[in-house]
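The values are calculated or read from the model by the stated rules, or taken from the named source; none is laboratory data. Not measured: the values here are computed from a predicted model. When we count neighbours, we look across all protein chains shown, and the Cβ atoms used for this are built from the backbone with ideal geometry, even at glycine. Ligands, DNA and RNA are stripped out before the accessible areas are found, and what is left, the full protein with its side chains, is counted by its heavy atoms. Shrake-Rupley method; radii C 1.70, N 1.55, O 1.52, S 1.80 Å.
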Amino acid sequence: MAISGLIGVLYAAGIFLLLRRSLIKATMGILLLGHAANLLILVAAGYMPGVPVIRPGDSVLQEISPDPLPQALILTAIVIGLGVGAFLIALIYRTALCFGGDDLDSLRDEE
Amino acid sequence: MPNLLVLPLLVPLLGAIILFFMHGHSLVAAVISCCVSVLQVIVASILLWHVWSGVTIVLDLAGWSAPFGISLVGDLFSCLMLFAASIVGVAVTLFALFDAPRSEAGALSCALFQLMMMGVSGAFLTGDLFNLYVWFEVMLISSFVLLSMGTSKASFGGAFKYVLLNLFSSLLFLTGLGLLYGQVGSLNFAHLSLRTDVLWHTLPSSGSAVLLFCAFAIKSALFPMHFWLPASYHHASSWLAAAFGGLLSKVGVYALIRTFTLVYPLGGSWLQQVILYVSLASMIIGVLQAAAQMNFQRVLSFHIVSQIGYMTLGLALYSTGAIAAAVFYILHNMIAKTNMYLLGGVAKVVCGSSDLGKQGGLFASHLFISLLFLVSAFSLAGLPPLSGFFAKLLLLSSAIEVRAWGALVVALLVGVGTLFSMSKIWAEAFWKPLVLVDEEFRGGGATFKFGIAGIALLAFVSIAMGLGSSLLYEACQRVSFELLNPDSYQKAVLGQGVVR
């Protein structure tokens, strides 16, 4: 149950940060939301605390064992999140170089 | 023959790899990009020809059989969308050949565009929800980089809004996937369509339906999640804006239609009402916001929101005729919308600015382009015998069939609003005389003809779709029947026996 609470806190923190004006905070929000979504996949589908997928000494998957597929899904999602986070940071760096500062409100169309 | 399904993914990937080595040679890169796109059209038409006779091509990747592994599925819907997307790709790369010497990073843009086409093709061909997420990410990350190549302050702001909102939608998608997998234990479309006992009936799976709808609605730019689109698309260079406007939001609509006919059949559920109201709101708000804009590309961006509303209206009405009309509308819109963006690019080059107030005189100076504009504008507004007329007619007649009178009235009024925006663009950019500040902005030159080739190709396809609409509608009806009665899809993917 603690981990469900943690997922909730991560989602809340991520969405809160996403709504901030500073771009660095928005990026942190995206990263936290990524962590939260990955943990959610783990908890929602086959969460057995302390039980490995294949126990040491076994040659065959036991009857009751955690599902390895969500772990594969999470790995993919982590890697995609990594790439996206790296891109966001590079974009913020370029924005800061060209215009100084990372205030999202200052980068708008002059209507 | 199943291995044919990998070709639409391989061709753009190899093209992108070759193009990455062409850094610094923009013209050569643009030519290679064109050739790759033409090859993609050939591959897509071979696939379409195979599938037209009623076969669904299934490839179980790495030999793992269906619900345990990931399958690529080419049924008529996927292949039609793939074919339309590849035609859009050819037209856009032809235009890039004209635009290329003027843009900042020619070869890299072409390479990333081909990667984006790979993501789009993968999204159309996949038979697995998580694989759909991965292809969405491929497409999105390429578009992120392409969109952030601008230099003005506002273009950076637009890029950030695009990136952050689309990443949020990807995370909503992932959340929905996690909950769905926990309930059902599989993410294969065909397998999910069999589990009607669980889906809709437990709280986590209904929650997953809403999360998936929100994720795809953000990607398709439905109201009220559409604000990223008009903030970012008009800052991209014209050929990129055309590719985004023609392809990316339509992939979101494709995902909506696939999910809410196969996985969560919409008939009679509360989500159907939600999608109906969201579609009507998108149509109205999109066209009203478009009427207030004075920038050529921004009018078109708001228009996309309104047109997406039409497509999801077809989904929400949820009858065979309505979904067929929605598919027809998607195909027509991919062609016509891309054409309008390319014409906006021509207007920008010839008149020197995207502001409608500063443009003018295009009818006097470029007669052929004005006629091509009329073809696309009439197609979008819905005049016969162009494709847009049949798309709107089919949608409205299916609304009459299910007695959705409110939807009918809204669709007709929004059609008038669309015509208003098109007339405004015509009056400002084409009809009124041009007051030039600098004489040097008059367009022309050797590669100008190629750019017109792209626009003329799309206009030709638009007319052909209109004149051949009965053939296309027959195909769309078959698509709709296959979507609403997924037995043939399930049998093709899962084989004769059903596991679990």
For the structure I just gave you, tell me whether B:LEU199 is under 18 Å from the mean Cα position of the chain (by Cα) and either surrounded by fewer than 24 Cβ atoms within 10 Å (Cβ to Cβ) or not small (Gly, Ala, Ser) (or both). no
Whichever residue in the stretch B:202-217 is surrounded by fewer than 24 Cβ atoms within 10 Å (Cβ to Cβ) and of a type in the set (A, V, I, L, M) and, among such residues, is nearest to B:LEU165 (Cα to Cα): B:LEU211
Take the residues in the stretch B:115-148 that are touching a residue at least 60 places away in the same chain (Cβ under 8 Å) and under 15 Å from B:ALA44 (Cα atoms), then tell me which one is nearest to the chain's Cα centre (by Cα). B:VAL120
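Residue under question is B:GLY185, and the condition is that it be within 12 Å of another protein chain (Cβ to nearest Cβ), surrounded by fewer than 22 Cβ atoms within 10 Å (Cβ to Cβ), on the phi > 0 side of the Ramachandran plot and modelled with pLDDT under 90; does it hold?
Numbers: within 12 Å of another protein chain (Cβ to nearest Cβ): yes; surrounded by fewer than 22 Cβ atoms within 10 Å (Cβ to Cβ): yes; on the phi > 0 side of the Ramachandran plot: yes; modelled with pLDDT under 90: yes.
Yes.
Could you list, in sequence order, the residues of the stretch A:62-74 that are closer than 17 Å to B:TRP135 by Cβ and open to solvent by 30 Å² or more (accessible area, probe 1.4 Å)?
Residues of the stretch A:62-74 that are closer than 17 Å to B:TRP135 by Cβ, as a first pass: A:72-73.
Answer for the stretch A:62-74, where residues must be closer than 17 Å to B:TRP135 by Cβ and open to solvent by 30 Å² or more (accessible area, probe 1.4 Å): just A:ALA72.
Would you please name the residue that is surrounded by the fewest Cβ atoms within 10 Å (Cβ to Cβ), looking only at residues in the stretch B:262-300 that are of a type in the set (Ser, Thr, Tyr) and at pLDDT 90 or above? Give the derivation first.
From the stretch B:262-300, those of a type in the set (Ser, Thr, Tyr) are B:264, B:269, B:277, B:279, B:282; that's our starting set.
Pick out the ones that are also at pLDDT 90 or above and you get B:277, B:279, B:282.
Values: B:TYR277: 14, B:SER279: 26, B:SER282: 29.
This residue is B:TYR277.
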Scanning the stretch A:18-42 residue by residue, those farther than 11 Å from A:ALA77 by Cβ, more than 8 Å from chain B (Cβ to nearest Cβ) and not small (Gly, Ala, Ser) turn out to be A:LEU19, A:ARG20, A:ARG21, A:ILE24, A:LYS25, A:THR27, A:MET28, A:LEU31, A:LEU32
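Would you confirm whether or not the stretch A:42-49 contains a residue that is closer than 28 Å to B:SER142 by Cβ, in contact with a Phe, Trp or Tyr (Cβ under 7 Å, 6 or more places away or on another chain) and not hydroxyl-bearing (Ser, Thr, Tyr)?
Residues of the stretch A:42-49 closer than 28 Å to B:SER142 by Cβ: none.
The answer is no, given that none of the residues of the stretch A:42-49 is closer than 28 Å to B:SER142 by Cβ, in contact with a Phe, Trp or Tyr (Cβ under 7 Å, 6 or more places away or on another chain) and not hydroxyl-bearing (Ser, Thr, Tyr).
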In the stretch B:154-175, which residue that is farther than 18 Å from A:ARG20 by Cα and of a type in the set (S, T, N, Q) is farthest from the chain's Cα centre (by Cα)? B:THR175
Test result for B:GLY286, of a type in the set (Gly, Ala, Ser) and touching a His at 6+ places or on another chain (Cβ under 8 Å): yes
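Yes/no per residue for (1) over 23 Å from B:TRP270 (Cβ atoms); (2) facing chain A (nearest Cβ under 10 Å); (3) part of a helix (DSSP H, G or I):
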position	(1), (2), (3)
B:VAL138	yes, yes, yes
B:TRP200	no, no, no
B:SER206	no, no, yes
B:PHE223	no, no, no
B:LEU229	yes, no, yes
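Considering only residues that are basic (Lys, Arg) and modelled with pLDDT of 90 or more, which ones fall in the stretch B:334-378? Give the derivation first.
Keep residues of the stretch B:334-378 that are basic (Lys, Arg), which gives B:337, B:348, B:358.
Answer for the stretch B:334-378, where residues must be basic (Lys, Arg) and modelled with pLDDT of 90 or more: just B:LYS337.
Looking only at the stretch B:310-349, count every residue that is over 17 Å from B:PHE373 (Cβ atoms), among the β-branched types (Val, Ile, Thr) and surrounded by fewer than 24 Cβ atoms within 10 Å (Cβ to Cβ) and tell me the total.
Here is the first cut: in the stretch B:310-349, the residues over 17 Å from B:PHE373 (Cβ atoms) are B:310-331, B:334.
Next, only the ones that are among the β-branched types (Val, Ile, Thr) stay: B:312, B:320, B:323, B:327, B:330.
Cutting the leftovers down to surrounded by fewer than 24 Cβ atoms within 10 Å (Cβ to Cβ) gives us B:320.
Qualifying residue count for the region: 1.
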Considering only residues that are more than 7 Å from chain B (Cβ to nearest Cβ), more than 30 Å from B:GLN183 (Cα to Cα), free of Cβ contacts under 8 Å to residues at least 12 places away in the same chain and among the hydrophobic types (A, V, I, L, M, F, W, C), which ones fall in the stretch A:67-111? A:ALA86, A:ALA90, A:ALA96, A:LEU97, A:CYS98
Search result, residues across the stretch B:19-66 that are touching a Pro at 6+ places or on another chain (Cβ under 9 Å) and closer than 21 Å to B:GLY127 by Cβ: B:GLN40, B:VAL43, B:ALA44, B:LEU47, B:ILE57, B:VAL58, B:LEU59, B:ASP60
Conditions (1) over 21 Å from B:GLN183 (Cβ atoms); (2) open to solvent by 50 Å² or more (accessible area, probe 1.4 Å); (3) in contact with a helix residue (DSSP H, G or I) (Cβ under 8 Å, 6 or more places away or on another chain); (4) not hydrophobic (A, V, I, L, M, F, W, C) -> A:GLY50 fails only (3)
Contact list please: Cβ distance under 8 Å, first residue in the stretch B:1-14 and free of Cβ contacts under 8 Å to residues at least 24 places away in the same chain, second residue of a type in the set (A, V, I, L, M), pairs at least six apart or on different chains. B:LEU14/B:VAL36
Name the residue, out of B:ALA475, B:ALA492, that is at pLDDT 90 or above, surrounded by 12 or more Cβ atoms within 10 Å (Cβ to Cβ) and in a helix (DSSP H, G or I). B:ALA475
The stretch B:280-300, residues that are touching a Gly at 6+ places or on another chain (Cβ under 8 Å) and within 13 Å of B:LEU380 (Cβ to Cβ): B:GLY286, B:VAL287, B:ALA290, B:LEU300
Of the residues in the stretch B:153-180 that are more than 9 Å from chain A (Cβ to nearest Cβ) and not aromatic (Phe, Trp, Tyr), the one that is farthest from B:ALA242 (Cα to Cα) is B:GLY176
State yes or no: is B:SER152 closer than 26 Å to B:LEU483 by Cα and either open to solvent by 10 Å² or more (accessible area, probe 1.4 Å) or at pLDDT 85 or above (or both)? no
